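Peer 1: Before we start, here is the structure in question, set down as structure tokens.
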Amino acid sequence: MTESAQLWIGDATPAPARDVPPRAARPARTPRAPDLAEVSGWLLRRWAWLLVATLLGGLAGYLFTRSVTPRFTATTDLVVAPSNLRVVTNDLYAQNLQSDAQILDVESKMRVVTSSNVLRRVADRLALANAPEFNRKAALIDFGAMLGLDPEAGSGPSDRSVAAALGERIKVVRQERSYVVTVSVWASTADLSAKLADSIAEAFRDEIARGDAERVGLAAESLSDRLGLLKAKVEEADRKVEAFRSAHGLLQVAGGELTSTQAMDRMSVKVTDAHARLAEAEARYRAVSRALDKSGSQAGAVQSSALTGLLGEDAALRRQVASLSQTFGPRHPSLVNAQVEHDAIARAIRAETERLRGAARLEMAQARQALDALTSETMQLRGTVSEDGLAEVKLRELERDARTKSALYQAFLTRAGEAAERQQIDATDVRVISAAMPPPRPSWPPRTPVVVAGSGFIGLVLAAGAIGGLGCLGARRRDPARAA
């Protein structure tokens, strides 16, 4: 062993072995562990090495802070509501009031932040393909390009690679017991990190709005495709109704009733009037007959202007005959002429009386004949109304089917129009409550004094451990010699 090695261990090299008589074998002794005083002595004697290790560690930390690319982390806070704004009364999206479902909705929307659609939109908006920190091919040796195996070699980074690199820098966290989502992203410069955070928030909101619009558009397209079939069914149902009406004579409908029903109602009124006229004619005939049989032409129930005139002439001739009878004899010409005139008036009165009786009889017969005719027509109308009633049952069934299909078609038509208009409305309730600001200092690496102090302390600890380990190794080697 050399002299320097002897000084490092701490003891001189043991003397050469001498010839000694053999002794009885002694039991091996366990090496003694160094105490704190010995370790402290080792460290104090090698303080220069400790100082050098500490300085080297601090220098390494300083070089690390100057060589590593800094990371500036910008954050923005978003309120991601679990449901969209309700801009219309019956919106296409139902309002879910269950808290678990709302949390799942927010968690699902959080995954959209790091989706490829959002990342590519941010990359295109900020032209990240031209940024050196996202263009990894410029800094690394591309063996695939050298061998001609990479078709995209020399064309810059692809959108997929830029989006993947950007996704590794994003962190999305939801604050506990709230719908506030914090989006953090880091970049090599403070301004770029703030731009990335704001652009990600804007692209996320645009993606949510676009997704809602696409879903509404698909619903509107499905409704529009269904409208053609529903329209054909409505037209077919209307044709069936009109064909059935035409086949059964149910075309004219007024006041919600069929024409035959209205004709039956009018006929019922006519039959009632005919019954009344017949009863009135029979009563008049009986009254005239009874009055003429009892009182003759002087019956008060008989009313006739001609009869009244004849009765007046008869009374005048009676008075004249009575006056002449008192003055002249029975054969006097004046009296005979007056009696002849009286007889003529009497015959005229009897003729008028019979005419009045016949007129009453004829009126009664006519009233009965009219009633019989109306009764016969009523029976025919009743058969027609009965047939129309049975046909109307089938007609109402066809009309109900037509109304149902028409209402369904109208509902789909209205819903399709609402969906088309709803697609143009942005009802996404995603708001930025804290815009991203350029961070004043990088989040990585830590500040230079902290890194230098930490790396120097690590160098000190490693050097102390090495000195202590070598000291313990030398002590174990000395123990067997002392025991011999």
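Peer 1: Would you check if there is a residue in the stretch 433-443 being modelled with pLDDT under 85 and surrounded by fewer than 16 Cβ atoms within 10 Å (Cβ to Cβ)?
Peer 2: Looking for residues that are modelled with pLDDT under 85 and surrounded by fewer than 16 Cβ atoms within 10 Å (Cβ to Cβ), one finds at least one in the stretch 433-443, hence yes.
Peer 1: Mind listing just one residue for me: the one in the stretch 195-217 that is in contact with a helix residue (DSSP H, G or I) (Cβ under 9 Å, 6 or more places away or on another chain) and farther than 23 Å from I170 by Cβ and, of those, surrounded by the fewest Cβ atoms within 10 Å (Cβ to Cβ)?
Peer 2: G217
Peer 1: Pairs, please: C-beta under 7 Å, at least 6 apart or cross-chain, first residue under 13 Å from W444 (Cβ atoms) and in the stretch 47-75, second of a type in the set (G, A, S) and outside any helix (DSSP H, G or I)?
Peer 2: T69/S188; P70/S188; R71/S443; F72/A187; F72/S443; T73/S184; T73/S443
Peer 1: Residues that are under 57 Å from the mean Cα position of the chain (by Cα), of a type outside the set (S, T, Y) and in a helix (DSSP H, G or I): does the stretch 422-429 have at least one?
Peer 2: First pass over the stretch 422-429, keeping only residues under 57 Å from the mean Cα position of the chain (by Cα): 422-429.
When the remaining residues are screened for being of a type outside the set (S, T, Y), the result is 422-427, 429.
Subset that is in a helix (DSSP H, G or I): 422.
Yes: the stretch 422-429 contains one or more residues that are under 57 Å from the mean Cα position of the chain (by Cα), of a type outside the set (S, T, Y) and in a helix (DSSP H, G or I).
Peer 1: Just to verify a result, which residue in the stretch 190-248, among those that are modelled with pLDDT of 90 or more and among the β-branched types (V, I, T), is farthest from A123 (Cα to Cα)?
Peer 2: Among them, the one singled out is V234.
Yes or no, residue by residue, for (1) under 30 Å from A391 (Cβ atoms); (2) over 16 Å from the mean Cα position of the chain (by Cα):
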{"residue": "E202", "(1), (2)": "no, yes"}
{"residue": "E221", "(1), (2)": "no, no"}
{"residue": "A237", "(1), (2)": "yes, yes"}
{"residue": "H248", "(1), (2)": "yes, yes"}
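Peer 1: Out of curiosity, is T76 modelled with pLDDT of 70 or more, over 19 Å from the mean Cα position of the chain (by Cα) and open to solvent by less than 40 Å² (accessible area, probe 1.4 Å)? Step through it out loud before you land on a result.
Peer 2: Working: modelled with pLDDT of 70 or more: yes; over 19 Å from the mean Cα position of the chain (by Cα): yes; open to solvent by less than 40 Å² (accessible area, probe 1.4 Å): yes.
Answer is yes for this residue.
Peer 1: Okay, moving on. Any residue at all in the stretch 333-353 that's assigned to a helix (DSSP H, G or I) and more than 30 Å from R319 (Cα to Cα)? Outline the logic, then answer.
Peer 2: Filtering the stretch 333-353 down to residues assigned to a helix (DSSP H, G or I) leaves 333-353.
Still in the list and also more than 30 Å from R319 (Cα to Cα): none.
Checked the stretch 333-353: no residue is assigned to a helix (DSSP H, G or I) and more than 30 Å from R319 (Cα to Cα).
Peer 1: While we're on this one: How many of the residues in the stretch 216-242 are of a type outside the set (A, V, I, L, M) and in contact (Cβ under 8 Å) with a residue 24 or more places away in the chain?
Peer 2: Restricting attention to the stretch 216-242, the residues satisfying the condition of being of a type outside the set (A, V, I, L, M) are 217, 221-222, 224-226, 228, 231, 233, 235-236, 238-240, 242.
When the remaining residues are screened for being in contact (Cβ under 8 Å) with a residue 24 or more places away in the chain, the result is 217, 224, 226, 231, 233, 238, 240.
Result for the stretch 216-242: 7.
Peer 1: Mind listing whichever residues of the stretch 444-476 are assigned to a loop (DSSP other than H, G, I, E, B) and surrounded by fewer than 17 Cβ atoms within 10 Å (Cβ to Cβ)? Reasoning before the result, please.
Peer 2: Taking the stretch 444-476 as the starting set, the residues that turn out to be assigned to a loop (DSSP other than H, G, I, E, B) are 445-447.
Hits for the stretch 444-476 are P446, R447.
Peer 1: Residue check, N135 against (1) surrounded by 15 or more Cβ atoms within 10 Å (Cβ to Cβ); (2) closer than 25 Å to N117 by Cβ; (3) modelled with pLDDT of 80 or more, all met but one. Which one?
Peer 2: (3)
Peer 1: Can you name the condition, by its number, that T65 falls short on among (1) at pLDDT 75 or above; (2) under 30 Å from A197 (Cα atoms); (3) open to solvent by less than 40 Å² (accessible area, probe 1.4 Å)?
Peer 2: (1)
The values are calculated or read from the model by the stated rules, or taken from the named source; none is laboratory data. Note that the structure is a prediction, hence the values are computed from the model and not measured. Neighbour counts are summed over all protein chains in view; Cβ atoms, including those assigned to glycine, are modelled from backbone coordinates with ideal geometry. Protein only, heavy atoms only, side chains kept; ligands, DNA and RNA dropped before computing areas. Shrake-Rupley method; radii C 1.70, N 1.55, O 1.52, S 1.80 Å.
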